[in-house]
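The values are calculated or read from the model by the stated rules, or taken from the named source; none is laboratory data. Keep in mind it's a predicted model, so treat the numbers as computed, not measured. No Cβ is skipped: glycine too gets one built from the backbone with ideal geometry, and neighbour counts run over all protein chains shown. Surface accessibility is based on the protein's heavy atoms, side chains included, excluding ligands, DNA and RNA. Shrake-Rupley method; radii C 1.70, N 1.55, O 1.52, S 1.80 Å.
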Amino acid sequence: MKINTAEFVISNSEVSKCPKEPLPEYAFIGRSNVGKSSLINMLTNHKNLAKTSGRPGKTQLINHFKINNNWFLVDLPGYGYARVSKKAKETFQQFITDYFEKREQLVCAFVLIDIRLEAQKIDLEFINYLGEIEVPFCIVFTKSDKISKGKVEQNIAAYRKALLANNWEEMPQHFITSSLDVVGREPLLDFIDGVNDGIFKNNDL
Ligand code: GDP
């Protein structure tokens, strides 16, 4: 997929105020500092569409970006960052869960995972939550340039094992990315293109 236009539309903390247009929507979420802003900028070919965070945890809103005038990329707040007060954390968790449970246009979530780390409890909890509410999702491993190819494979195998131990039957669809080296851009955008094609063909929204 070629990105022709990528424009910021609206930020808010209420799912009821998200855009009403019936366009397919893809949400990006992960722990603070996982590389979400960098990935969004890399995918959309923008230097600064999503703000690369100086202080992790500060972008605590649902951010809608319209891509090519036919789908929404949604940048959600990073979770699990210690500097966010307990109260703020509870608030964004509520609106994040509201978003996932109520947003009808949402067709797929991309859960970002730092490829270097072993499976983190909070990510597994979030993935299990998506399973429970039956939201389709893919895993996007980030920062793959930071370790060797062999280690990438090894860490993905370990992640698969962690998911199977959490009662998943198979490894979900996943992408290996590096925003620094622009790795994984085409496969991820082609995946979105394919899902969009199916939706528009079947008039699903
Ligand atoms: P966010 O908090 O999830 O939005 O993460 P950012 O995009 O702000 O990235 C957090 C830090 O990781 C920054 O210092 C980025 O430069 C760095 N980073 C993000 N993606 C990559 C990547 O693919 N490779 C490398 N080497 N560093 C990255």
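Tabulated data for the structure shown
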| quantity | calculated |
| --- | --- |
| For the chain, share of DSSP beta bridges that run antiparallel, in % to the nearest 5 | 40 percent |
| A6 long-range amide H proximity, modeled H, under 5 Å | N68 |
| Phi to ³J(HN,Hα) by Karplus 6.51 cos²θ - 1.76 cosθ + 1.60 over region 31-41, Hz, x for Gly, Pro | 5, 3, 6, 6, x, 5, 4, 4, 5, 5, 5 |
| From phi via Karplus (6.51, -1.76, 1.60), per-residue ³J(HN,Hα) for region 43-50 in Hz, x at Gly/Pro | 5, 8, 6, 10, 6, 8, 5, 8 |
| Long-range HN-HN contacts of A109 with modeled amide H, under 5 Å | A27, F137, C138 |
| Sorted largest first, extent of the chain alpha carbons per principal axis (Å) | 42, 40, 35 |
| Lys/Arg +1, Asp/Glu -1 at C-beta; region 133-205 dipole; positive extreme among L189, N167, S148 | S148 |
| Debye, to nearest 20: dipole size of the chain, +1 on Lys, Arg Cβ, -1 on Asp, Glu Cβ | 1020 debye |
| Computed [θ] at 222 nm, helices only, for the chain once each DSSP H run of length n ≥ 4 contributes -39500 (n - 2.57) | -11500 deg cm²/dmol |
| Charge dipole of the chain about the Cα centre (unit charges at C-beta), most positive-ward option of T97, A157, N48 | N48 |
| Mean Cβ neighbour count within 10 Å, used as a protection proxy, ranking 28-38, 184-194 highest first | 28-38, 184-194 |
| Within the accessible area of region 85-205 (1.4 Å probe), percent carbon and sulfur | 48 percent |
| D145-N203 FRET efficiency (beta carbon distance; Förster radius 45 Å; 0.05 resolution) | 0.65 |
| Residue (of V9, G80, I29) at the positive-pole extreme of the chain, dipole from beta-carbon charges | G80 |
| Calculated from backbone phi, Karplus (6.51, -1.76, 1.60) coupling profile of region 188-198 in Hz, x at Gly/Pro | 5, 5, 5, 4, 4, 4, x, 5, 4, 4, x |
| Whole-number accessible area per residue in Å² for the chain, which is evaluated in the context of all protein chains at 1.4 Å | 51 Å² |
